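**Q** Below you'll find the structure I mean.
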Amino acid sequence: MRAGFTRTLSALAAMLLLPAISLAQTVSVEGVRLWRAPDHTRLVLDLSGPVEHNLMTLRGPDRIVIDMKGASNAADFDALELDKTPISRVRHAVHDGANLRVVLDLSRAVKPRSFPLKPLQQMPDRLVIDLHDTVAPVEKTIADVKSSGGDRDIIIAIDAGHGGEDPGALGPGRVREKDVVLAIARAMHKEINAMRGFKAKLVRDGDYYIPLRDRVKKGKRFGADLFVSIHADAFTRKGANGASVFALSQRGASSETARFLAQRENESDLIGGVGGTLDLSDADEMLAGVLLDLSMTATMNDSLEAGASVLEQMGQVTRLHKPRVEQANFAVLRSPDVPSILVETGFITNPAEARALSTPAYQRKLARQVARGVASYFERKPPEDSLLAKAGPQKPDQVIIARGDTLSGIAARYNVSVAALKSANRLRSSALRVGQKLRIP
Ligand SMILES: [Zn+2]
């Protein structure tokens, strides 16, 4: 009796030991997140290591089955917020004795796509499952937006950096760049739409990731006259502070900080996850490569001028990190024909700046200045077919001198004489300095 009991115990121990050994070799799903974008739903599994997986689409009822070889689950699938997604329920079970099977019950058919992501920065190995909607969201075409009876609005594409899986830089007190920049982008959207002759379009309007290349394409699809990407990045030195504006450089960077930031920004796709979009129009990109060289100079000059104007206005409410527009090879600025700038609203790693950046009042203040900078650039250089070119700018009480401004240029712009400008501002010479304020009589 006694011996039998011992035998049973050791048999039990052996049974317990076996799974313990194989467990050590399995991969476990440690976390799960869900992001809803306008055209797809993204499910992300955090893994303890790389996993071999297989995805099947089944009909009647619609469902997706994901098998992960030798995997176990430690994540809470029940906590997922499934509202507004095509997923009605998530089930999971051990299948074939050793594999983890996750089943997504669907309320409508989707086009699934799955791909792994390698660990990077704070992110572990991940498995991404994208469920693309089969009905595309309605997006106004360029023709709809632009042709409103001859005189068109100037279109500004506003791109809130990061989003979804990519939180961007993290500041003290859990301040996340992706949230701060979305708030600033939305405030800027309001500011610009309130200006006569302008129309703003948000590239990202929610907590989801858009690949850098797709952001560029979206700006083009909006028919944007200017693309503005909004950021609030981290820097290795906590003390680093101030706002900066960047334009593209296909050669070297204008400073070590610019090079560092561009490299960090370009890693976004590796963190946010790019699994290849459904439209495989890479011919686009080949063409873009050719055009890039042909038309880049004009686009680049426009980007630098618009950037200088924005920097000028931001300097009124915040310290500037650098007094000039900087340049580096930012992927999100690689547009052959849409002038594009990247605005760093401040360093989120700086405690004082992080605090300010997370308050709605400061977000609005920054948004207003960026919008003013954009407006003042286009007042100087309105597209020929725009309402602004036809109607002329509204005469302001005063202007702030930007790079490239001349007294005769300003006089012509506001239809006053140079002499009147000089006397109203008690100027002895025609020399102007950047940042100088001029009263317009
Ligand atoms: Zn950023």
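**Q** All but one of (1) over 19 Å from PHE378 (Cα atoms); (2) away from the ligand (no atom under 11 Å from the Cβ) hold for ALA169; which doesn't?
**A** ALA169 satisfies all of (1) over 19 Å from PHE378 (Cα atoms); (2) away from the ligand (no atom under 11 Å from the Cβ) except (2).
Table: residues versus (1) part of a strand (DSSP E or B); (2) of a type in the set (D, E, K, R).
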| position | (1), (2) |
| --- | --- |
| SER28 | yes, no |
| PRO50 | no, no |
| LEU55 | yes, no |
| GLY60 | no, no |
| ASP67 | yes, yes |
| GLU81 | no, yes |
| ALA93 | yes, no |
| PRO112 | yes, no |
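**Q** May I ask you to verify whether SER255 is at pLDDT 90 or above, away from the ligand (no atom under 16 Å from the Cβ) and either hydroxyl-bearing (Ser, Thr, Tyr) or out of contact with any helix residue (DSSP H, G or I) (no Cβ under 8 Å at 6 or more places or on another chain) (or both)?
**A** For SER255, the condition - at pLDDT 90 or above, away from the ligand (no atom under 16 Å from the Cβ) and either hydroxyl-bearing (Ser, Thr, Tyr) or out of contact with any helix residue (DSSP H, G or I) (no Cβ under 8 Å at 6 or more places or on another chain) (or both) - is met.
**Q** I'd like the full set of residues that are acidic (Asp, Glu) and surrounded by 18 or more Cβ atoms within 10 Å (Cβ to Cβ), limited to segment 182-206.
**A** GLU191
**Q** Within segment 315-335, restricting attention to residues that are of a type outside the set (Val, Ile, Thr) and touching a Lys or Arg at 6+ places or on another chain (Cβ under 9 Å), which residue is farthest from ARG213 (Cα to Cα)?
**A** Here the answer is GLN316.
**Q** Return a yes/no flag: does segment 372-384 have any residue that is within 16 Å of the ligand (Cβ to nearest atom) and out of contact with any strand residue (DSSP E or B) (no Cβ under 6 Å at 6 or more places or on another chain).
**A** No: zero hits.
**Q** Among the candidates LYS218, LYS190, which residue alone is closer than 26 Å to ARG42 by Cβ and away from the ligand (no atom under 16 Å from the Cβ)? I'd like the intermediate steps shown before the answer.
**A** Details: LYS190 fails: closer than 26 Å to ARG42 by Cβ.
That would be LYS218, the only listed residue that is closer than 26 Å to ARG42 by Cβ and away from the ligand (no atom under 16 Å from the Cβ).
**Q** I've got another one for you. Inside segment 225-241, can you point out the residues that are out of contact with any helix residue (DSSP H, G or I) (no Cβ under 6 Å at 6 or more places or on another chain) and either without any contact (Cβ under 8 Å) to a residue 24 or more places away in the chain or more than 15 Å from the ligand (Cβ to nearest atom) (or both)?
**A** Matches in segment 225-241: ASP225, ARG237, LYS238, GLY239.
**Q** Taking GLY346 and the conditions (1) more than 16 Å from the ligand (Cβ to nearest atom); (2) within 22 Å of ARG259 (Cα to Cα); (3) in contact with a Ser or Thr (Cβ under 7 Å, 6 or more places away or on another chain), which numbered condition does it fall short on, given that it satisfies the others?
**A** It fails just one condition, (1).
**Q** Of (1) over 19 Å from ASP302 (Cα atoms); (2) surrounded by 14 or more Cβ atoms within 10 Å (Cβ to Cβ); (3) touching a residue at least 12 places away in the same chain (Cβ under 8 Å), ALA411 satisfies all except one. Which?
**A** Result: ALA411 passes all but (3).
**Q** In this structure, does GLY272 turn out to be within 15 Å of the ligand (Cβ to nearest atom), assigned by TED's automatic domain parsing to the domain that holds ARG364 and in contact with a Phe, Trp or Tyr (Cβ under 7 Å, 6 or more places away or on another chain)?
**A** yes
**Q** Quick one: what pairs do we get from segment 329-340, first residue part of a strand (DSSP E or B), second β-branched (Val, Ile, Thr), C-beta under 8 Å, 6+ apart or different chains?
**A** From segment 329-340, the pairs are SER340/VAL216; SER340/VAL228; SER340/THR299; SER340/VAL332.
**Q** Kindly evaluate THR85 against the criterion of being in a loop (DSSP other than H, G, I, E, B) and hydroxyl-bearing (Ser, Thr, Tyr).
**A** yes
**Q** Could you pull out the residue among LEU432, LEU421 that is more than 31 Å from the chain's Cα centre (by Cα), more than 19 Å from LEU226 (Cβ to Cβ) and in a helix (DSSP H, G or I)?
**A** Details: LEU432 fails: in a helix (DSSP H, G or I).
Within the list LEU432, LEU421, the selection yields LEU421.
The values are calculated or read from the model by the stated rules, or taken from the named source; none is laboratory data. Keep in mind that this is a model prediction, so the values were computed, not measured. We place every Cβ from the backbone using ideal geometry, glycine too, and count neighbours over all the protein chains shown.
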